[in-house]
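One structure is given here, and the rest of the page talks about it.
Derivation of every value follows stated rules applied to the coordinates shown; laboratory data play no part. What you see is a predicted model, and the numbers here were worked out from it, not measured in a lab. Cβ atoms come from the backbone with ideal geometry, glycine included; neighbour counts cover every protein chain shown.
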Amino acid sequence: MASCSPLLLLVLCTLTVAEAQLKVFNMRASKLDSNILGTPDAYVEVFCGSVSLGETSVRRNNRNPWWEEDFTYFNTQENDTMRLEIHDQDIGFDDLLGVCQRQIKLGTHEHECFLEEGGSLHYTYTLS
Ligand SMILES: *[C@@H]1O[C@H](CO)[C@@H](O)[C@H](O)[C@H]1NC(C)=O
Ligand SMILES: [Ca+2]
């Protein structure tokens, strides 16, 4: 049994660290504002802390876009900051339509966030 203890300790330590899995899904925006460049071509970039989990596809010419992509991150914990950045793809520089940011909590939560440039983003996340 003594020969097993380093491994056992390693297992116990791994279990003790409060690592959690974050999944972000069901993102949809509504009533995005048109601007001088036309109807938005919106996409969302998802961050956990300073790590980018990736971007959705671009929904062209749509004031009420939704995205079917899910984003999962295994190396997070409660109270880490999740950030969703909504951009409008343009030639050259993409406009930032708004930022949704919050401290993640255990469980499944659905939120609506109002965007600086008008409209809102709905999203759901699960931290387990
Ligand atoms: C997260 O924050 C809450 C409220 O501040 C606190 O009670 C809880 O212990 C924190 N959880 C972790 C894992 O730090
Ligand atoms: Ca555009």
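Considering only Glu68, Glu45, Glu117, give the residue with the highest GNM mean-square fluctuation for the chain, with springs between Cα atoms whenever their separation is below 10 Å.
It is Glu68.
Where does helix 5-16 land angle-wise versus the long Cα axis of the chain, in degrees 0 to 90, nearest 10?
Taking the Cα atoms of the chain, the angle to 5-16 is about 30 degrees.
What fraction of the DSSP beta bridges in segment 25-127 is antiparallel, stated in percent and rounded to the nearest 5?
The antiparallel fraction comes to roughly 100 percent.
Considering the zone a paramagnetic label at Gln89 would reach in this model (a point 7 Å from Cα along the Cα-to-Cβ line), which residues of segment 22-47 have amide N under 12 Å from it?
Only 41-44 fall inside the zone, counting backbone N under 12 Å.
Who wins for biggest fluctuation among Thr56, Thr72, Thr39 in a Gaussian network model of the chain, springs between alpha carbons below 10 Å?
With Cα springs under 10 Å in the chain, the top fluctuation among Thr56, Thr72, Thr39 is at Thr39.
Only loop residues by DSSP count here, and only those with at most 16 other Cβ atoms within 10 Å; note down the trypsin sites (Lys or Arg not before Pro) in segment 18-57 that meet that.
In loop regions of segment 18-57 (DSSP not H, G, I, E or B), the sparsely surrounded trypsin sites (Lys or Arg not before Pro) are Lys31.
If R0 is 22 Å, what FRET efficiency do you get for Glu19 and Gln103 from their C-beta distance, rounded to 0.05?
Calculated value: 0.85.
When the distances between all Cα atoms of segment 25-127 are binned every 5 Å from zero, what whole-number percent does each bin get?
Per 5 Å bin, starting at zero, the Cα-Cα P(r) for segment 25-127 comes out as 3, 13, 26, 25, 17, 10, 5, 2, 0 percent.
Kindly provide the helix-only [θ] at 222 nm of the chain, computed as the sum of -39,500 (n - 2.57) over DSSP H runs of four or more divided by all residues, to the nearest 500 deg cm²/dmol?
That calculation yields -3000 deg cm²/dmol at 222 nm.
Name the chymotrypsin sites (Phe, Trp or Tyr not before Pro) in segment 69-128 that are in a loop by DSSP and that have at most 11 other C-beta atoms within 10 Å, would you?
Phe93
Rounding to the nearest 20 debye, state how big the charge dipole of segment 25-127 is about its Cα centre with +1 on each Lys and Arg Cβ and -1 on each Asp and Glu Cβ.
260 debye
Most mobile of Arg63, Arg83, Arg102 per a Gaussian network model of the chain (Cα springs, under 10 Å)?
Checking each option, the largest mean-square fluctuation is seen for Arg102.
For Val51, Val99, what ranking results if the residue with the fewest other Cβ atoms within 10 Å of its Cβ goes first?
Val51, Val99
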